[in-house]
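None of the figures in this text is laboratory data; all of them are computed from the coordinates on show. What you are looking at is a predicted structure, and each value in this text was computed from that prediction instead of being measured. Counting neighbours? That spans all protein chains shown, and the Cβs are built from the backbone with ideal geometry, glycine included.
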Amino acid sequence: MRILIADAFPEEHLDRIAAAHDCAYEPDTTANQLTDRIGDREVLVVRSTRVTAETLADARSLRLVVRAGSGTNTIDRDAASRLGIHVANVPGRNAVAVAELALALLLALDRNIPDTVADLRAGRWDKKRYSRARGLLGRDVGVIGLGQIGLAFAERAAALGTRVHAVAKPSRAPETLERARDIGITFVDDLTVLARTCDVLSLHLPSSDTTRHLVDRELLAHVQPGTILLNTARGDLVDEDALIEAMDSKGVRAGIDVFVDEPGTPTGTIDSRLAAHPHVYGTHHIGASTEQAQHAVAEEVVRVVEEFAAGTVLHCVNPEAADFAPSAAVSEVP
């Protein structure tokens, strides 16, 4: 097969794909460059590069887009389906890395670690200020989204002695409920109850029409003063203006790894009121960026490519594309 890998990819896994296929490696590709670089490639592998409807329409030979991660909101799935192009992701392989960052942001907020470091580097000593910290033991942590990342975060938060809560849903898989029981998660009726109960809320949901601005003025009206909000999932889950208002009026603090207007390139500038707010500790959309996670993701990308070459679309997120595509078995098995 003819394959284009348009984002950074571990060398050892790249070599495995290149040994079996015609593989072009262009890790510096931007969304605007993608159309020209795809050419007659049949498979496209991306991590953060956006794949638009226009790019997909121009890629006449393209049959599969693989997102080297779990979320596929940077790929126009509807357009891909209409064109008979399958979209596959790599779910769960970076769950621990994202959960670790969410926990790190929580600890940093509780102990004011970035401000402490900044003051020390500037030669300022203020033990009185930085001795004030609530601590995590016994706090109520609400986890919004119990996928692989949410459960991984819940496990780590519970290990620190917090009480973990989530919203009850009748559709949860038995294995999710079993793992939740093992963690000790307490279920509540809805998000409003969760917001009122918990003084830490952590978001672990995909971006969709139903989750956009899930955290809005209405929900934030129910949170306790001084609540910590963590978002290592998707920027548009949060109404940023509403969050800024809650930070100003209720002392809400936030650990944020994802922003609505973040750059689409590895380096650049960001003009974000949320990122600049003194109640925010922000990171550069690096939740999945550990060596462990990237190797695990790459390993699964190799498996997706190999299975596709054998006629199966592994981890397919748009099975309806099969109605417009050449015959291929579709698998959503994790």
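Assorted remarks:
- Based on Cα atoms of the chain, Rg over Rh with Rh as the Kirkwood radius reads 1.00.
- Summary value for segment 95-282: 20 percent relative contact order, contacts being C-alpha pairs under 8 angstrom separated by 6+ residues.
- Extension gain (nm, one decimal) between Ala122 and Ala309, 0.36 nm per residue minus Cα-Cα: 61.7 nm
- In this structure the amide hydrogen of Val164, modeled in the peptide plane, comes within under 5 Å of the amide hydrogens of Val141, Thr186, none closer than 5 places in sequence on its chain.
- Charge dipole of the chain (Cα centre as origin; +1 on each Lys and Arg Cβ, -1 on each Asp and Glu Cβ, all else neutral): 1240 debye, rounded to the nearest 20.
- Selected from Glu178, Glu26, Glu306 as most flexible by GNM, with the chain as the system and alpha-carbon contacts under 10 Å: Glu178
- Counted residue by residue at 0.36 nm each, then reduced by the alpha carbon distance between them, the extension gain from Lys250 to Ala57 reaches 64.7 nm.
- In the chain, the DSSP-assigned H stretches of four residues or longer account for a calculated mean residue ellipticity at 222 nm of -11000 deg cm²/dmol, using -39500 (n - 2.57) per stretch and the full residue count as denominator.
- Relative exposure of Phe153, Phe187, judged by other C-beta atoms within 10 Å (fewest first): Phe187, Phe153
- Mean separation of Cα pairs under 8 Å and 6 or more residues apart, divided by the residue count, gives the chain a relative contact order of 19 percent.
- Across segment 214-227, computed HN-Hα scalar couplings (Karplus, 6.51 cos²θ - 1.76 cosθ + 1.60, θ = phi - 60°) run 4, 8, 10, 4, 5, 5, 5, 5, 9, 6, 6, x, x, 4 Hz from first to last residue, x flagging Gly and Pro.
- Using θ = phi - 60° and Karplus 6.51 cos²θ - 1.76 cosθ + 1.60, couplings along segment 127-141 (whole Hz; Gly, Pro as x): 4, 4, 5, 7, 7, 8, 8, 6, x, 9, 4, x, 6, 9, 10
- Tensor-based shape of segment 178-236 (alpha-carbon gyration tensor, a/c under 1.5 rounded, otherwise prolate or oblate): oblate
- Relative to the current alpha-carbon distance between Ile286 and Met1, full extension at 0.36 nm per residue lengthens the span by 99.5 nm.
- Under-5 Å amide H pairs with Val45, H placed in peptide plane, nonlocal only: Leu4, Ile5, Ala6, Val66
- All distinct Cα pairs of segment 95-282 go into the 1/r average, and the inverse of that average, the Kirkwood radius, is 17.1 Å.
- The Kirkwood hydrodynamic radius of segment 56-100, based on inverse pair distances between different Cα atoms, is 11.5 Å.
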